[in-house]
Each structure stands twice: as C-alpha cells, then as structure tokens.
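Have a look at the structure below before the remarks.
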Amino acid sequence: MTTKWQEVGAGVFQRRYEPCDVTVTAIVGSEGVAVVDTRCSLEEAQEIKRDIARFASVPVRWVVNTHSHLDHTWGNSAFAAPHHVPAAEIWAHTSVPAALTPDDPAVAFFLDTFTDNGPDWRARAEQLRIVRPTRLVEHASVIDLGGRTMELRWTGRAHTAGDLWVVVPDADVVVAGDLIEEAGAPIWGPDCFPFEWPGTLDAATRITDATGFIGPDTVVVPGHGAPVGSAFVREQRELIASVAEQIRALHRAGTPLEQAPAAGTWPIPRTRTTYALERGYAELDRRAALAGLGTEGTR
Ligand SMILES: [Zn+2]
C-alpha cells in the first residue's frame, strides 16, 4: 500500500492514511485547496495540513465531508478556529449535520470496529470536538477554487443517506467516498440503504445515465484504497446489486433474519452482511406492511 501523496489528475492529489486506510484528496486551485475527508481526529487532520503545505502554496479554504462517518469527519476541527484561521468552509450533504452526533448508531459501530486506532482510542473519541458542516448540498453545488471548479453531487442514498461525489471536471477525477471501496468490500453499516445503492451508482455513471459524470477514462478515488477506473465501479455495482438480490431472496423465502447470514450465498464475507440484512429486512417488512400484507403473506 502506498502512503505517499500521488497526483491522480492535474492538481488533484490523494493519499491513503492509517488508521482505517482512509483516502484523503486535495484539489488545488489558484485561490486555495479543497480537502476531501478529514480522518478520525484533530491530530490526524493536522497531519493532512502539514502534508498539503509541502506541495501547495495556498491555504485550505474548503473541506468536503463525503459522508457523516467518523473516519471522514472527526478531523474537521483542524480546519476551524482556533486551529485554522480563517476557518475553511465545511461542505456536506444536508443529511450530515444531524447524523454527526455521539449518539448516532454508526458511532458505536465504528468505535467497536476501529480496533487498530490504539488503546486510548475510546478516550480520545470521547474528548472529541465535532465540527459540523455548515455549507450544505441537497443535489448539486459548484465551488470555484480559482481557475477551476469542483462540483458536489448527490445521486441518491447508498452507503449512507448523504454520500456526496466530488467531481473535478477539468482533471476527469471523481472522489467517491465510501460509495466505492478499493481496500476491501464495501461497508454496509447500520445506516446503509442496500436496495438504493446500485441505482445511486448508475446515476453517476455515464454508461447507464447520460447525465452521469463517471466516463470511460475517469479516475475514481475511493473512500478507502487506491484509485480505480469506471470498469471497477461497474463491477462493484454488480456486487452491491447481488447482495441486495440475496437479501430479497432470503426474505421472500421466509428465512428468519438470524439464519440469513448462514443461509445466503454471499460475494462478501458473511460478517459484513449483518447490517445489510438488518436494514434490508426492515425495509422489505415496511414495504409489505404498506402494501397491506404481513411478511407471512409474501412467503
Ligand atoms: Zn463510511
């Protein structure tokens, strides 16, 4: 794994950081730098700032959180006063501020999951100062970085309710956050939308949607891992769709939720299916109830 900054398009740099193998992107304009995702803590985000200062002579003026999860947002305070003056604008989807609370179920999930963040991780997490984004995007926004623009696009719910794509048209680079994962299989957490995820990827991909921004030569930077191309996005879309199909089939067959991980044929590790199944079953039960049928009636 490369832990050096790499220029993936003109003036667009990305680096993978431990812990969590988070991929951070810096887009350099003549007026400032935009940083996409801020890692898990103030200290980790300070390291991003020090690194960027080595290759960019303009300050960080914009931060984008691709979604609410703590490995993408908990470093935000490094870009706000008193650590960053003037403070950077922090951008995210409209659903993100409400999800950025310590009692969000995803937080407990991640505190348990990120075991390689060190023995003092929980203690550090408790002292954390969460800085919420204040520049919010519902469907699309364009930001002028000086001499170039960056677009923030939301094409639907997927990994969470509020996953943004960061599009840099002049470099043909798209930052995907956890909509796409290269370091391992995608993560279905307690706030995922397993049935909507494939369509959200289709809406971003030119081959399936004429308004899509991922073309044949686009460099796609995932939330974790190394940059990929459009073919990888299509393959991962198929994998995500097959997980959704498996959930539907198990639910349709009346398989109890507790037995579903063992009963299914999964293209991902079984342990990763817990929340996909929980969220999927809840959604299918809701749909059945709305249709005036109990789940019994669908068997
Ligand atoms: Zn995530």
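Read-outs throughout are calculated quantities, based only on the coordinates presented, and are distinct from any laboratory measurement. This structure is a prediction, so every number in the text was calculated from the model and none was measured. Backbone-built Cβ (ideal geometry, glycine too); neighbour counts: all protein chains shown.
Descriptive notes on the structure:
- The stretch between residue 58 and residue 274 holds 73.3 nm of extra length on full extension. This uses 0.36 nm per residue minus the Cα-Cα distance.
- Whole-number percent relative contact order across the chain, with pairs defined as alpha carbons under 8 Å at least 6 apart: 14 percent
- Taken one residue at a time, the phi angles of the stretch 158-167 give Karplus couplings (6.51, -1.76, 1.60, θ = phi - 60°) of 7, 4, 9, 6, x, 8, 9, 9, 10, 9 Hz. Gly and Pro are set to x.
- Of 157, 237, 129, the one that fluctuates the most in a GNM where the chain has Cα springs shorter than 10 Å: 129
- Cα-only radius of gyration and Dmax that characterise the stretch 245-295, units Å: 10.9, 35
- FRET efficiency, 1/(1 + (r/R0)^6) with R0 30 Å, evaluated for residue 128 and residue 211 via beta carbons: 0.20
- Inter-label distance, residue 6 to residue 30: 3.0 nm, where each label sits 7 Å from its Cα along the C-beta direction.
- Summarised in one figure, the compactness ratio Rg/Rh of the stretch 114-256, Cα atoms and Kirkwood Rh, is 1.02.
- Stokes-Einstein translational diffusion, the chain - Kirkwood Rh over all Cα pairs, 0.890 mPa s, 25 °C, in µm²/s: 124 µm²/s
- With each label modelled as a point 7 angstrom along the Cα→C-beta vector, the residue 120-residue 290 pair spans 4.8 nm.
- Value of relative contact order over the stretch 38-185, rounded to a whole percent, pairs C-alpha under 8 Å and six or more apart: 22 percent
- Chain lengthening between residue 98 and residue 139 when straightened (0.36 nm per residue, less Cα-Cα): 13.0 nm
- Helical content alone sets the calculated 222 nm signal of the chain at -8500 deg cm²/dmol, taking -39,500 (n - 2.57) per DSSP H segment of four or more residues and averaging over every residue.
- From least to most packed, judged by other beta carbons within 10 angstrom and beginning with the fewest, 4, 49 follow the order 4, 49.
- Length added when fully stretched, residue 235-residue 258, from 0.36 nm per residue minus Cα-Cα: 5.4 nm
- Using θ = phi - 60° and Karplus 6.51 cos²θ - 1.76 cosθ + 1.60, couplings along the stretch 17-22 (whole Hz; Gly, Pro as x): 10, 8, x, 6, 6, 7
- Its alpha carbons considered, the stretch 24-76 gives a radius of gyration followed by a Dmax of 10.4, 30 Å.
- For the stretch 69-193, the fraction of alpha-carbon pairs in successive 10 Å shells from zero, as %: 11, 38, 38, 12, 1
- Within a Gaussian network of the chain (alpha carbon springs, distance under 10 Å), most fluctuating of 243, 96, 220: 243
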